[in-house]
Amino acid sequence: MLMSFFQRPLSVYLAAANGIKGKSQITGEDLNREVLESVTRSTAATGNEASARITKRRRQKPITINLKGDPVKRGYAEDEHQPEAVLADLTRIYARVRNDERN
(Lines give C-alpha, C1' and ligand atoms only; values in the text may rest on other atoms or scores of the structure.)
Protein backbone atom coordinates (compact mmCIF):
# COMPACT_ATOMS: atom_id res chain seq x y z
CA MET A 1 0.00 0.00 0.00
CA LEU A 2 2.68 2.50 0.99
CA MET A 3 4.58 1.75 -2.21
CA SER A 4 1.81 3.55 -4.09
CA PHE A 5 2.31 6.63 -1.87
CA PHE A 6 6.09 6.63 -1.77
CA GLN A 7 8.14 4.65 -4.27
CA ARG A 8 5.91 4.86 -7.33
CA PRO A 9 5.59 8.68 -7.28
CA LEU A 10 9.33 9.06 -6.68
CA SER A 11 10.05 6.67 -9.53
CA VAL A 12 7.77 8.63 -11.87
CA TYR A 13 9.35 11.90 -10.74
CA LEU A 14 12.87 10.55 -11.33
CA ALA A 15 11.97 9.29 -14.80
CA ALA A 16 10.20 12.54 -15.77
CA ALA A 17 13.28 14.52 -14.73
CA ASN A 18 15.55 12.17 -16.72
CA GLY A 19 17.28 11.33 -13.46
CA ILE A 20 19.45 8.35 -12.75
CA LYS A 21 19.39 8.37 -8.98
CA GLY A 22 17.31 10.17 -6.34
CA LYS A 23 17.07 10.59 -2.61
CA SER A 24 14.24 11.14 -0.14
CA GLN A 25 14.64 12.10 3.50
CA ILE A 26 12.29 12.39 6.45
CA THR A 27 12.99 13.43 10.03
CA GLY A 28 11.03 13.34 13.23
CA GLU A 29 11.16 12.74 16.97
CA ASP A 30 9.23 9.46 17.00
CA LEU A 31 8.55 8.20 13.47
CA ASN A 32 5.94 5.51 12.86
CA ARG A 33 7.94 2.28 12.90
CA GLU A 34 5.29 0.32 10.98
CA VAL A 35 5.38 2.82 8.13
CA LEU A 36 9.17 2.86 8.06
CA GLU A 37 9.32 -0.94 8.08
CA SER A 38 6.81 -1.17 5.23
CA VAL A 39 8.70 1.33 3.08
CA THR A 40 12.00 -0.40 3.87
CA ARG A 41 10.62 -3.81 2.87
CA SER A 42 9.26 -2.35 -0.35
CA THR A 43 12.58 -0.65 -1.07
CA ALA A 44 14.47 -3.88 -0.41
CA ALA A 45 12.11 -5.87 -2.62
CA THR A 46 12.80 -3.58 -5.57
CA GLY A 47 16.56 -3.73 -5.03
CA ASN A 48 16.91 -0.04 -4.22
CA GLU A 49 19.34 1.33 -1.67
CA ALA A 50 18.24 2.76 1.65
CA SER A 51 19.80 3.82 4.91
CA ALA A 52 18.63 5.32 8.17
CA ARG A 53 20.29 7.39 10.87
CA ILE A 54 18.66 6.46 14.13
CA THR A 55 19.07 7.35 17.77
CA LYS A 56 17.83 4.62 20.07
CA ARG A 57 18.11 6.61 23.30
CA ARG A 58 18.24 10.29 24.19
CA ARG A 59 21.72 11.79 24.14
CA GLN A 60 23.03 8.84 22.13
CA LYS A 61 24.91 9.57 18.94
CA PRO A 62 22.91 8.61 15.85
CA ILE A 63 24.07 5.50 14.01
CA THR A 64 23.66 4.81 10.32
CA ILE A 65 22.07 1.54 9.30
CA ASN A 66 22.31 0.57 5.65
CA LEU A 67 19.71 -1.66 4.02
CA LYS A 68 22.42 -3.75 2.43
CA GLY A 69 24.15 -3.94 5.78
CA ASP A 70 27.70 -4.62 6.67
CA PRO A 71 28.43 -8.28 6.07
CA VAL A 72 29.90 -10.37 8.83
CA LYS A 73 32.84 -12.36 7.55
CA ARG A 74 34.53 -15.24 9.29
CA GLY A 75 37.17 -17.61 8.01
CA TYR A 76 37.86 -21.08 9.30
CA ALA A 77 40.79 -23.26 8.36
CA GLU A 78 39.26 -26.42 6.94
CA ASP A 79 41.82 -28.75 8.44
CA GLU A 80 41.85 -27.06 11.87
CA HIS A 81 38.25 -26.15 12.73
CA GLN A 82 35.85 -28.12 14.85
CA PRO A 83 32.35 -28.15 13.33
CA GLU A 84 30.68 -27.73 16.74
CA ALA A 85 32.79 -24.65 17.51
CA VAL A 86 32.06 -23.13 14.09
CA LEU A 87 28.33 -23.73 14.52
CA ALA A 88 28.39 -22.18 18.00
CA ASP A 89 30.34 -19.17 16.68
CA LEU A 90 27.96 -18.61 13.76
CA THR A 91 24.91 -19.03 16.02
CA ARG A 92 26.31 -16.42 18.42
CA ILE A 93 27.05 -14.01 15.53
CA TYR A 94 23.57 -14.53 14.06
CA ALA A 95 21.94 -13.79 17.42
CA ARG A 96 24.04 -10.63 17.79
CA VAL A 97 23.10 -9.39 14.31
CA ARG A 98 19.46 -10.36 14.74
CA ASN A 99 19.27 -8.38 17.98
CA ASP A 100 21.06 -5.44 16.34
CA GLU A 101 23.99 -5.46 18.73
CA ARG A 102 27.11 -3.58 17.76
CA ASN A 103 30.61 -4.92 18.34
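The values are calculated or read from the model by the stated rules, or taken from the named source; none is laboratory data. Every value quoted in this text rests on a predicted model; they were computed, and no experiment measured them. Methodologically, a virtual Cβ is constructed for each residue, glycine included, from the backbone with ideal geometry; neighbour enumeration extends over all protein chains shown. In case anyone asks, the SASA skips ligands and DNA or RNA and just uses the protein heavy atoms, side chains included. Shrake-Rupley method; radii C 1.70, N 1.55, O 1.52, S 1.80 Å.
Under the classification rounded if a/c is under 1.5, otherwise prolate if a/b is larger than b/c and oblate if not, where does segment 19-77 fall, given a ≥ b ≥ c as square roots of the Cα gyration tensor eigenvalues? Can you show the working numbers first?
On the way: a/c = 2.02, a/b = 1.19, b/c = 1.70.
The shape class here is oblate.
Please compute the per residue accessible area over segment 23-103 with all protein chains in place, 1.4 Å probe, rounded to a whole number of Å².
Details: 7590 Å² over 81 residues.
Accessible area per residue: 94 Å².
Loop only per DSSP, at most 13 neighbouring Cβ atoms within 10 Å: give me the trypsin sites (Lys or Arg not before Pro) in segment 1-59, ordered by residue number.
Details: sites: 21, 23, 33, 41, 53, 56, 57, 58, 59; in loops: 21, 23, 56, 57, 58, 59.
Those that pass, being in a loop and sparsely packed, are 21, 23, 56, 57, 58, 59.
For the Cα atoms of the chain, what angle does the longest principal axis make with the long axis of helix 83-98, in degrees from 0 to 90, nearest 10?
Around 30 degrees separate the two axes.
Run the accessible area of the chain with a 1.4 Å probe and give the carbon-and-sulfur part as a rounded percent.
On the way: 4980 of 9580 Å².
So the carbon and sulfur contribution to the accessible surface is 52 percent.
How large are Rg and Dmax for the chain when calculated on the C-alpha trace, in angstrom?
18.8, 58
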